[in-house]
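Enquirer: The structure is given below, and queries will be raised subsequently.
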Amino acid sequence: MISRFILGRVAQGLIVLIFVSIISFAIINAAPGDPALALFGSQAQRLTAAERIRINNTFGVDKPITERYLKWAGQMLKGDLGVSYREGRKVIDILRERLPHTLILFSSSMILIIVFSILLGLKGGLHEDSFWDKGLSVASIIFSSIPAFWLGIIGILVFSVYLHILPSSGTESLREGGDFVDRLKHLILPTIVMASAHIGLYARFIQEKIKEENKLYYVQVARANGMEERFLVKGILKNAIVPYINYLGITIPGFFGGSIVIESVFSWAGLGQLSVKATTTRDYPVLMGCIMLAGIIVVTSLLITDILSLLVNPKLRRQVAK
């Protein structure tokens with residue numbers, strides 16, 4: 001039954017990806033611009049009608065949209081996402097270069113968020129009306145109200161311009177050859193900024209769940225009977241972590257979308273920066289590839305959170321097993 005549940009989630013994810021591909025393909029192909037404009041920019045006006053037709057024919061954009069979508073979908077299933085209008089390279093090769101940078105930033109930020117939100121939420125939730133409780137509430141409101149790009153600019157000004165301790169942009173320094181330490185330095189600032197924009201919300205969520213759990217009858221009885229606090233905290237956290245995982249799953253798409261802003265601010269060579277560049281240059285095959293790859297990452301992340309919910313929630317396992 002559990003395997004059927006997981007297969008059901010996989011099937012739902014595939015359906016979502018199909019709808020995303022159809023809607024995105026339709027919107028992108030309805031947008032102004034063609035391969036000639038992407039290749040030559042403003043100079044495309046100097047092309048003759050015959051030259052423009054030949055370029056459009058080369059990239060296959062002169063066909064009906066339904067035919068183009070079916071051809072694109074068939075090629076995508078084979079791992080072929082077409083050719084970039086701008087660079088003349090295979091889209092899959094371009095995405096392969098950018099994907100690791102996005103995954104590193106996404107993973108490091110998510111790890112930072114999970115660790116610190118649980119620690120802060122636990123501290124504030126177990127000590128209601130304390131400095132930690134009220135301070136976390138205020139900090140959560142402040143940081144969630146500040147746009148991510150503004151946090152990024154402040155981070156660059158403080159740590160790069162004034163203190164000169166962290167690089168302001170890119171994924172590596174040409175001068176230092178991009179060794180491990182150099183890449184780690186470039187990762188620190190965007191990771192902290194990306195995490196700072198979300199830690200407050202996640203910490204606030206689990207803080208409230210811990211408060212609710214801490215007031216339940218079984219906790220009061222166990223505490224009155226002299227149970228050690230560390231065992232109580234372990235039980236409280238175990239029950240509070242279930243809705244926290246569900247909340248993570250719900251908010252991951254928005255969190256991943258926010259990485260586009262961070263990648264743009266820090267010139268981080270990931271999918272976010274690539275999708276912005278593809279949009280401005282009207283490189284629609286690359287943009288379509290970015291959208292689909294982002295969709296796959298989000299769907300996979302949601303599937304992982306569903307599996308984690310099964311692992312930590314015995315009640316859900318029993319319901320699924322029926």
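The values are calculated or read from the model by the stated rules, or taken from the named source; none is laboratory data. Everything quoted here is computed from the prediction, not taken from an experiment. Don't worry about glycine lacking a Cβ; one is built from the backbone with ideal geometry, like all the others, and counts go over all protein chains shown.
Enquirer: Which of the residues that make up region 64-86 are touching a residue at least 60 places away in the same chain (Cβ under 8 Å) and assigned to a loop (DSSP other than H, G, I, E, B)?
Expert: Leu81, Gly82, Ser84, Tyr85, Arg86 - these are the residues of region 64-86 that are touching a residue at least 60 places away in the same chain (Cβ under 8 Å) and assigned to a loop (DSSP other than H, G, I, E, B).
Enquirer: Continuing with the same structure: If you check Arg98, Arg86, which single one turns out to be at pLDDT below 85 and surrounded by 13 or more Cβ atoms within 10 Å (Cβ to Cβ)?
Expert: Checking each option against the conditions leaves just Arg86.
Enquirer: Can you tell me which residue in region 206-229 is farthest from Ala240 (Cα to Cα), limited to those that are among the aliphatic types (A, V, I, L, M) and in a helix (DSSP H, G or I)?
Expert: For region 206-229, the residue satisfying everything is Ala224.
Enquirer: From the list Lys211, Lys238, which one is basic (Lys, Arg), crowded, with 17+ Cβ neighbours inside 10 Å and more than 24 Å from the chain's Cα centre (by Cα)?
Expert: Of the residues listed, the single one that is basic (Lys, Arg), crowded, with 17+ Cβ neighbours inside 10 Å and more than 24 Å from the chain's Cα centre (by Cα) is Lys211.
Enquirer: Scan region 124-148 residue by residue and report those that are hydrophobic (A, V, I, L, M, F, W, C), more than 20 Å from Ile192 (Cα to Cα) and in contact (Cβ under 8 Å) with a residue 60 or more places away in the chain.
Expert: Listed by number, the list holds a single entry, Leu126.
Enquirer: Moving on to the next point. Starting from residues that are loosely packed, with under 14 Cβ neighbours inside 10 Å and of a type in the set (A, V, I, L, M), keep the ones in region 136-145 and report whichever is farthest from Gly258 (Cα to Cα).
Expert: Looking at residues that are loosely packed, with under 14 Cβ neighbours inside 10 Å and of a type in the set (A, V, I, L, M), I get Val138.
Enquirer: I would also like to ask the following. Tell me the residue from Gly152, Gly170 that is assigned to a helix (DSSP H, G or I), small (Gly, Ala, Ser) and either touching a residue at least 40 places away in the same chain (Cβ under 8 Å) or touching a Cys at 6+ places or on another chain (Cβ under 6 Å) (or both), please.
Expert: None of the others qualify; the one that does is Gly152.
Enquirer: Now for a different question. Every residue in region 290-311 that is closer than 20 Å to Ser3 by Cβ, aliphatic (A, V, I, L, M) and touching a helix residue (DSSP H, G or I) at 6+ places or on another chain (Cβ under 6 Å), please.
Expert: Hits for region 290-311 are Val299, Leu302, Leu303, Leu308, Leu310.
Enquirer: Could you run through region 87-96 and say how many residues are within 18 Å of Tyr69 (Cα to Cα) and free of Cβ contacts under 8 Å to residues at least 12 places away in the same chain?
Expert: 1
Enquirer: If you don't mind, another one. Across region 259-272, what is the total count of residues that are assigned to a helix (DSSP H, G or I) and buried (at least 19 other Cβ atoms within 10 Å of the Cβ)?
Expert: 8
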